[in-house]
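Engineer: Structure in structure tokens, see below.
We did not get these values from a lab; they are worked out from the coordinates using the rules stated. Please read all numbers here as calculations on a predicted model, not as lab measurements. Heads up, the Cβs are rebuilt from the backbone with ideal geometry, glycines too, and the neighbour counts pull from every protein chain shown.
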Amino acid sequence: MGILVIKGFRSHIIKVAVIVLSGVVTASATVAADGFGPVKAPKVNAKKAALGKRLFFDQRLSGDAAISCATCHVPSKGFSDGLALSKAYPGSDGFRNTPTLINAAQKAAWFHDGRIGTNLNDVTRESITETYNMNMDMRLMQERVKQDPVYVKMFKDAGYGEPSNGSIRKAIPEYLKTLTSRGAAFDNGKMSDAAKRGFELFKGKAGCASCHSGNRFTDDQPHNTAVPNNPEIWKNPLRHVTYVTFGLFLGIENIMNIRRDVGAHIRTHKADGSDIGKFMTPTLRELKQTAPYMHNGMIKTLKDVVEFYNNGGGNDANKDPRIKPLDLSKEEQSNLVVFLESLSGKPLTGSQHVWNDKIDVNYKPIKDWLKQRN
Ligand code: HEC
Ligand code: HEC
């Protein structure tokens, strides 16, 4: 048994003693005294990630080749899209806000309702095949990709062999792992005094840290903060029909009559309805790039978000008891906003994260592509 000391490199990180049991070193990432620190970049295979990057920006991954992942996850907008409710496959329209993909590789459960709790491979499959998302058949996608000589080479170089839908679903997550926050004032010790005061409120009087905990500022759990429903989903027939399709597929009870997004209820279908209106706590990193906010884009600015919490959130029978009026002064509220802004870093818009070359879709298919094994 021994004692290991991790040296702090930022003002609020202090030296932490980590006990090493039976000679096994248990310390992994930097541990801050308050549980907050920089997001650690995962190890990435560069060739697989480069392939994933091209796939992410390639419209041929959608059924009618009209949209790519990057249509909705736009790099200059923190890999969200600036819209309250997302777009969708032509002929449908979205009913949720597009979340950032920065640090998404580190999550434990994905989508606003947390309905996928396995891995990014499954999230990628769902994003590609879901009718209202990219509406792509995996077999068709594989045939398309394997005709393209650029892909044939890239798959080979990445060690995958012939293009296959299985390796597409591995390469895209490898690319997503490259999207890690960096350069935030919070991480490099450049927080203003107002931001520091906001951080103290965040952990103390305002009670934000009980849900927004850890390096990504989320507990990866669903909670009910009673954000009002977005009426657009029921006013706009395309959005409504898309939500109903989703609800029927996931077995939401009484879907034809309800006028709300049930959130995490679809995971549990609890008879008492106590999970209705719970949504996953989102990360608070890169918020400067990702307005508007919440699962349905109902809150436009960070100032409005803080005001929402200060007023005790919205109205809902299932609201979490921690969401209650906070009695923060105007100055305290503005400190909180400045603190939230200090969690945003450099946009990931360089060539490491963006596929800038034109994707040539008028290529000459490889010879004998029909005969290629996958
Ligand atoms: C039409 C717009 C659109 C397209 C295209 C799209 N997404 Fe998304 N993405 C969304 C929306 C909206 C959500 C949230 C959905 C929900 O909560 O039900 C989401 C959620 C995600 C998440 C989960 C993030 C989180 O924090 O839980 C990942 C990962 C993701 N998308 C990756 C991809 C990938 C990879 C592609 C391409 C294969 C893709 N998306 C294509 C709109 C889109
Ligand atoms: C009970 C847990 C809980 C507490 C306490 C809490 N939040 Fe949240 N927060 C959430 C959940 C859940 C959401 C997502 C709600 C939704 O999508 O409808 C959220 C959303 C947000 C968002 C929007 C992020 C985005 O990308 O859409 C911000 C900003 C935010 N919270 C800041 C704060 C601040 C500041 C405080 C303290 C004043 C706070 N939160 C307290 C659970 C909590």
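Engineer: Can you give me the long-range amide H partners of residue 116? Hydrogens built in the peptide plane at 1.01 Å from N, cutoff under 5 Å, separation of 5 or more residues or another chain.
Structural biologist: Placed amide hydrogens put 110 under 5 Å from residue 116.
Engineer: Taking the Cβ of residue 280 as the center, what net charge do the other residues with Cβ under 15 Å away carry, scoring Lys and Arg +1 and Asp and Glu -1?
Structural biologist: +1
Engineer: Please report 83, 140 as a ranked list, fewest other C-beta atoms within 10 angstrom at the top and most at the bottom.
Structural biologist: 140, 83
Engineer: Divide, for segment 193-341, the radius of gyration over alpha carbons by 2.2 N^0.38 Å, where N is the residue count.
Structural biologist: Taking N as the residue count of segment 193-341, the ratio is 1.12.
Engineer: Among bridges DSSP assigns within the chain, what percent are antiparallel (round to 5)?
Structural biologist: Percentage antiparallel, nearest 5: 90.
Engineer: Counting every Cα pair in the chain, what percent are over 27 Å apart?
Structural biologist: The calculated P(r) of the chain puts 53 percent of pairs beyond 27 Å.
Engineer: Let me ask something else. When only Cα pairs under 8 Å and 6 or more residues apart are kept, what is the percent relative contact order across the chain?
Structural biologist: So the answer I get is 22 percent.
Engineer: Lys and Arg at +1, Asp and Glu at -1: add these up for the other residues within a Cβ distance under 11 Å of residue 43 and post the number.
Structural biologist: Surrounding charge for residue 43 is +1.
Engineer: Where the centroid of each part is defined by its Cα atoms, how far is segment 245-281 from segment 186-215 in Å?
Structural biologist: Spelled out, the Cα-based centre of one part sits 33 Å from the other.
Engineer: Would you mind counting up the charge near residue 326? Only other residues with Cβ under 12 Å from its Cβ, with Lys and Arg at +1 and Asp and Glu at -1.
Structural biologist: 0
Engineer: Whole-Hz Karplus ³J(HN,Hα) for segment 125-139, in order, using 6.51 cos²θ - 1.76 cosθ + 1.60 and θ = phi - 60°, x for Gly and Pro?
Structural biologist: Ordered by residue, 3J(HN,Hα) equals 4, 4, 5, 6, 8, 4, 4, 7, 9, 10, 6, 10, 8, 4, 5 Hz.
Engineer: How large is the helix-only mean residue ellipticity at 222 nm for the chain, computed as the sum of -39500 (n - 2.57) over DSSP H runs with n ≥ 4, divided by its residue count, in deg cm²/dmol to the nearest 500?
Structural biologist: Calculated at 222 nm, the ellipticity per residue is -8500 deg cm²/dmol.
Engineer: Could you pull out every one of the aspartates and glutamates with an alpha carbon less than 17 Å from that of residue 190, ignoring same-chain neighbours closer than 8 positions?
Structural biologist: 200, 286, 341
Engineer: Please compare each pair in 300/330; 53/358; 43/303; 107/205; 300/346; 153/346 to a cut-off of 24 Å on the Cα-Cα distance and tell me which ones are over it.
Structural biologist: From 300/330; 53/358; 43/303; 107/205; 300/346; 153/346, over 24 Å: 43/303; 107/205; 153/346.
Engineer: Could I ask something else about it? Going by amide H atoms built from the backbone, whose H comes under 5 Å of the H on residue 263, apart from near neighbours?
Structural biologist: 277
Engineer: Going by C-beta contacts inside 10 Å, put 102, 252, 359, 168 in order with the fewest on the left.
Structural biologist: Result, fewest neighbours first: 359, 252, 168, 102.
Engineer: Moving on to the next point. If packing is taken as the mean number of other Cβ atoms within 10 Å per residue, what is the order of 190-196, 75-81, highest first?
Structural biologist: Packing proxy ranking, top to bottom: 75-81, 190-196.
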